[in-house]
Amino acid sequence: MTFFSNPTFYGNPQVGVVSSFSGLVETEFQGAVNALCWQRNLAGNFEEIVSKIQLKENITEISADDLLTLELSDEGNAAREIILNDLKRLADFGALPSLNLLKCYERDGELDFFSTDVYSYHVDRSPVGTDTFLCTYFGAASDIIPNDQVTQKILVPEIREKLRALHDGPETEFEDFLKDCFFDLHYQPNPKAQPTNLGNGHLWRLAVDHPDQQVLPCVHRAPIENKGQYRLLLIC
């Protein structure tokens, strides 16, 4: 069954748009579509929630109980109810949603020619059938990019030779080395690539690399945070 309300999102053929949570979780990925968007224009003051939460580390997980302890205006309460409903929907579906207040993610600075942190375009991998759900309620939002507009970094000749030089083992184990170190999950945009920003308030489902997946995994990256602004992100 297909729930697409329109076939493309900002001209990106990899995205299907749905009009409900049931559409988001029941629609099957197909063809080039490996990202589904429940497109929403949310009411409420999410910035107020961000301002009322104390950041304990660069990433602070917020529970439903934490949200319920906040004293909020009517607009802040409206935002809270939306978040609580999203957490419940996903939990009832069988997912394990996490609400995070983010200052920044840890950066990978070990190799000057290859980053393996989430700011690099990458795909998610799982040994079991699953998908990635995310919604940015406030702050900078992630980007996705069509698979035909990226190149797997390990296939770029100059990068591959540098990785080969790092490999301390027989040639027959080189591909396993690339996978074990997660190098194979990362991509670089091709010239004239056109990423799509996921925006605020929309609930997304992205295809993950796993044995039963029928489409290519969705290539995405975390954004560089806006200066002086935290992100409020639901993810699972």
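The values are calculated or read from the model by the stated rules, or taken from the named source; none is laboratory data. Because the structure is a prediction, the values reported are computed rather than measured. Please note: Cβ atoms are built from the backbone with ideal geometry, for glycine as well, and neighbour counts cover all protein chains shown. All accessible areas refer to the heavy atoms of the entire protein, side chains included, with ligands and DNA or RNA removed. Shrake-Rupley method; radii C 1.70, N 1.55, O 1.52, S 1.80 Å.
A few comments on the model shown:
- Selection count where residues are under 22 Å from Leu55 (Cβ atoms), open to solvent by 80 Å² or more (accessible area, probe 1.4 Å) and among the acidic types (Asp, Glu), scope region 76-123: 1
- Restricting region 126-151 to residues that are surrounded by fewer than 19 Cβ atoms within 10 Å (Cβ to Cβ) and touching a His at 6+ places or on another chain (Cβ under 7 Å), the residue that is farthest from Phe21 (Cα to Cα) is Pro127.
- Filter pass, Ile154 being closer than 27 Å to Arg205 by Cα, in a helix (DSSP H, G or I) and open to solvent by less than 20 Å² (accessible area, probe 1.4 Å): yes
- Summed over region 16-69, the residues that are closer than 16 Å to Leu99 by Cβ and of a type in the set (Ser, Thr, Tyr) give a count of 4.
- When Asn41 is tested against (1) more than 19 Å from Asp143 (Cα to Cα); (2) open to solvent by 30 Å² or more (accessible area, probe 1.4 Å); (3) assigned to a loop (DSSP other than H, G, I, E, B), just one condition goes unmet, and that condition is (1).
- Where a residue in region 135-158 is closer than 27 Å to Gly228 by Cα and its partner, wherever it lies, is buried (at least 18 other Cβ atoms within 10 Å of the Cβ) and acidic (Asp, Glu), with Cβ under 7 Å and at least six apart: Cys135/Asp86
- Selection count where residues are part of a strand (DSSP E or B), among the aliphatic types (A, V, I, L, M) and open to solvent by 30 Å² or more (accessible area, probe 1.4 Å), scope region 55-71: 1
- When region 177-190 is filtered for residues that are open to solvent by 60 Å² or more (accessible area, probe 1.4 Å) and either at pLDDT 95 or above or touching a helix residue (DSSP H, G or I) at 6+ places or on another chain (Cβ under 6 Å) (or both), the ones remaining, listed by number, are Gln188, Pro189.
- Qualifying positions in region 103-123 - within 22 Å of Asn147 (Cα to Cα), part of a loop (DSSP other than H, G, I, E, B) and in contact with a strand residue (DSSP E or B) (Cβ under 8 Å, 6 or more places away or on another chain): Phe114, Ser115, Thr116, Val118, Tyr119, Ser120, Tyr121, Val123
- Lys52 vs. criteria open to solvent by 20 Å² or more (accessible area, probe 1.4 Å), touching a residue at least 24 places away in the same chain (Cβ under 8 Å) and within 20 Å of the chain's Cα centre (by Cα): no
- With respect to the conditions (1) β-branched (Val, Ile, Thr); (2) closer than 30 Å to Leu163 by Cα; (3) modelled with pLDDT of 95 or more; (4) out of contact with any Lys or Arg (no Cβ under 8 Å at 6 or more places or on another chain), Ile82 lacks only one, and its number is (2).
- Set side by side, the residues Gln214, Gln194, Gln229 differ, and just one is open to solvent by 20 Å² or more (accessible area, probe 1.4 Å) and in contact with a helix residue (DSSP H, G or I) (Cβ under 8 Å, 6 or more places away or on another chain), which is Gln194.
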